[in-house]
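Q: Following this message is one structure expressed as structure tokens.
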Amino acid sequence: MSDSSRYSALLARILLAVLFLYSGVMKIAMFSQILPLMQAKGFPLPGMSLGIAVAVELIGAALLIAGYQARLAAWALFIYLIPTTLVFHNFWAAQGMEHQTQLVNFLKNLAIMGGLLMIAAAGPGALSLGRPAAESR
């Protein structure tokens, strides 16, 4: 594997993880503001749902960055994004500028899901904790 490929896979994992890391931290910092939004969107047990969202985002991001169990983390984050995208970025129910904003966010989530599927399919790359030393060369 070339040096550029080794570093590209690491950079891809980090860039995808940054979004989830930031989102998880902000959910903790703004828990009391986000909870009513989840209630309004009809999430069952919104407090527990929000706690699970924080755990999935932070643990998934950490695993992606480390490259440890990266395929599993990518799948978990991919599955997590399905209801998140459909519920929070439902552009088909919005009007005016909100329609455009939610459409862009919906499409961005689809692109993120594509990146996660690439990691799920190809693995974390050579620079990861999930690779035996012989495979890292």
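Q: Give the residues of the range 118-128 that are over 11 Å from LEU16 (Cβ atoms), in a helix (DSSP H, G or I) and in contact with a helix residue (DSSP H, G or I) (Cβ under 6 Å, 6 or more places away or on another chain), sorted by residue number.
A: Passing the criteria: only ALA120.
Q: Can I ask one more? Farther than 17 Å from ILE112 by Cα, of a type in the set (A, V, I, L, M, F, W, C), surrounded by fewer than 18 Cβ atoms within 10 Å (Cβ to Cβ) and modelled with pLDDT of 95 or more: which single residue out of ILE79, ILE28 fits that description?
A: ILE28
Q: A further question follows. Going by the conditions given, is SER4 more than 18 Å from PHE106 (Cα to Cα), of a type outside the set (A, V, I, L, M, F, W, C), free of Cβ contacts under 8 Å to residues at least 40 places away in the same chain and touching a Phe, Trp or Tyr at 6+ places or on another chain (Cβ under 8 Å)?
A: no
Q: Do we have any residue at all in the range 60-73 that's among the polar types (S, T, N, Q) and in contact with a Gly (Cβ under 7 Å, 6 or more places away or on another chain)?
A: Among the residues of the range 60-73, at least one is among the polar types (S, T, N, Q) and in contact with a Gly (Cβ under 7 Å, 6 or more places away or on another chain), which makes the answer yes.
The values are calculated or read from the model by the stated rules, or taken from the named source; none is laboratory data. Everything numeric in this text was worked out from a predicted model, so none of it was measured. Reconstructed Cβ throughout: ideal geometry from the backbone, glycine too, with neighbour counts over all protein chains shown.
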